Amino acid sequence: MPSPSNPSEIARETLRLLASRRISPSPENYRDIYNEIAGTSGNLAENFPKRELQALQTALPKETAVQQKLVKRFEQALKGRNWDELRDGIAELVKQLANEHELPWSDLFRDFLRQWENKQAGLTVARKREAIERVLVAAAGNSELLFGRLQGLVKSWAGSAPADGDIPLVDPGTIAMPEASLPLVGDIVADSATRTSELSSDLRDLFAYTFEDLVTTQLVDEPELAADARMLAHKVRCATSPSAQQGLLAGIKRFAFRLEILAEDRAELRAGLLNLLQLLIENVGELVTEDRWLAGQIDIVRDIVASPLNIRSIGDAEGRLKEVIYKQSQLKRSLNEARESLKQMLAGFVDHLAEFADSTSDYHDKIEYCAHRISMAEDITQLEDVLAEVIRETRIIQLNAQRSRDELRAAKQRVSEAEARIGELQVELDRASTLVRHDQLTGALNRRGLEEAFEKEVARAQRRQSTLCVALLDIDNFKKLNDSLGHDAGDAALIHLATVIRETMRPQDTVARFGGEEFIIVLPDTSVGDAQTAIVRLQRELTRRIFLHNNDRRLITFSAGVTDLQPGDTQVSVTKRADEAMYMAKQSGKNRVMIG
Ligand SMILES: Nc1nc2c(ncn2[C@@H]2O[C@H](COP(=O)(O)OP(=O)(O)OP(=O)(O)O)[C@@H](O)[C@H]2O)c(=O)[nH]1
């Protein structure tokens, strides 16, 4: 049979063959057999490289709205195997990419440089750098967006009022950048017109440089954060693709948040220090009665400056300083009063002495006159009168002398009473005011001190949205220890426990004596599980550091309740919960820690 030559014959023959070969009449099978009969290859439709084009479509950029639209069009064309649509789509995409490169980067850089070097009121180099960093983060990997944002930024700088005086190019405290190591403006601008395609790489370098060299120098006291900054710098350098840059965003935001917290802490620290210094200066006038007080004050400040600063130690020093100053002023006032009454007594006594001297010289004159009258007397009756006068004058002088002696005795008595009062006052003030916020026996905070510390910790936890735990400890069988070893041994045991607590817990944990043999520990930034673990660790430490009294070894144990601060809690409610948990610990056998 001759081969069919025209399309309708080929079509008919195709249908026949499909039937005789029992092949299902799908469009693909029809097309295959048609090609077979017509002697044509799979040609265009057959060769349509669907898989390759799909891979191409996946790789196409989709950052901007325009790009996304074009990719959509490409996808449609691909679905319909429409070569024409594909061709037009690709052409437009290429054109769009070319347009993107036509963004006037060199103009923008000229303006950028100009505004970078201009001095605007309130804008330091550090601020400008910060703004650039923000733009970089916001437009990571999207050059069109980056262009728009940078342009907006440069315009805002241009719109700022020029600075009157010399604005420092670098904020105080910011490290000056060694010119040789600057990977930024100079290099970028030198050939910005020819290297616009390398823009984001240069800006990445600038970004990494900021993290690695500038941020880390500000984090000498924060090695963990500094290590994170270096890690981020490394990641920024490696993040060449838009998706990698996008992936960096969350990390950078987290880092920025931590920097913000750190800045807040530092501000608080600075304010605390300033308060402390102010307090010292304001009250220096009070520190005149005894030099050792002044030395004590200075010692405290010296200690604070010598040790690593933290908000709690400054708060603690401030509290102690206030108490010392209070005591000092009280003591000074009392001493002044006592001195004043001594002065008055002395003045009174001198008056009496003068009076006494007057009356004695009067007496002498009178006796002399009497002696004269005796020598002139002619009979006994005349002598009687003179003698009576001598006796009268002598009595008067005797009475005067006795009165002066009595007054002298009374004054002496009053002086010794005043002395005793000063002594008592000193002891009383030592007891009452030296440790107003601290328990005198153990040196831990007392209830008042705890109240203040608790308030501060709660405010801090709320501000940072962090957890805060409270543990209440009660020594087990303390009465037995007191009864068997004596009250002094009991006191020594309390001191021992307070010492072990202070040395075992973290510096940021607050320790207070809540009552007789009860202690409270406030644990900031701690989950309730971790707080329980910390208190159990304290129990273990107590078994290691055994209490020794007159060579008598006694194991001190305690039961504890731990709870965390809940929304709406007050110090009373949280302490009550911890107390209930502690009670449960006692009920279930003592020497254990329960969560409330
Ligand atoms: N040495 C000394 N003892 C104190 C002080 N304050 C309270 N105490 C004593 O602590 C004891 C507490 O006894 P209890 O409340 O019966 O408690 P406990 O014997 O520890 O019994 P549990 O708590 O059930 O384990 C009492 O004997 C108080 O006198 C103090 O400052 N010094």
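The values are calculated or read from the model by the stated rules, or taken from the named source; none is laboratory data. None of these values were measured; they are calculated from a predicted model. Don't worry about glycine lacking a Cβ; one is built from the backbone with ideal geometry, like all the others, and counts go over all protein chains shown. Side chains included, ligands, DNA and RNA excluded: accessible areas come from the protein's heavy atoms. Shrake-Rupley method; radii C 1.70, N 1.55, O 1.52, S 1.80 Å.
Key figures for this structure:
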| item | result |
| --- | --- |
| Counted residues, segment 229-246 - those being open to solvent by less than 60 Å² (accessible area, probe 1.4 Å) and not polar (S, T, N, Q) | 7 |
| Unique residue being within 21 Å of the chain's Cα centre (by Cα), more than 15 Å from the ligand (Cβ to nearest atom) and not hydroxyl-bearing (S, T, Y) when the list is R464, R545, R553, R537 | R464 |
| Subset of segment 483-522 that is among the small types (G, A, S) and open to solvent by less than 40 Å² (accessible area, probe 1.4 Å) - its residue that is nearest to A444 (Cα to Cα) | A512 |
| Scope segment 560-578; condition among the acidic types (D, E) and either touching a Ser or Thr at 6+ places or on another chain (Cβ under 8 Å) or open to solvent by 60 Å² or more (accessible area, probe 1.4 Å) (or both); matching residues | D564 |
| Close pairs (7 angstrom Cβ cut-off, 6 or more residues apart or separate chains): charged (D, E, K, R) in segment 517-529, away from the ligand (no atom under 15 Å from the Cβ) anywhere | D525/S466; D525/T467 |
| Condition met for R502 (among the charged types (D, E, K, R), free of Cβ contacts under 8 Å to residues at least 12 places away in the same chain and more than 11 Å from the ligand (Cβ to nearest atom)) | no |
| Residues of segment 370-380 that turn out to be exposed (fewer than 14 other Cβ atoms within 10 Å of the Cβ) and either touching a residue at least 24 places away in the same chain (Cβ under 8 Å) or in a helix (DSSP H, G or I) (or both), as a count | 6 |
| Subset of segment 23-52 (residues that are among the hydrophobic types (A, V, I, L, M, F, W, C) and either within 51 Å of the chain's Cα centre (by Cα) or modelled with pLDDT under 75 (or both)) | L44, A45, F48 |
| Unique residue being over 30 Å from V427 (Cα atoms), modelled with pLDDT of 95 or more, surrounded by fewer than 20 Cβ atoms within 10 Å (Cβ to Cβ) and acidic (D, E) when the list is D525, D552, D530 | D530 |
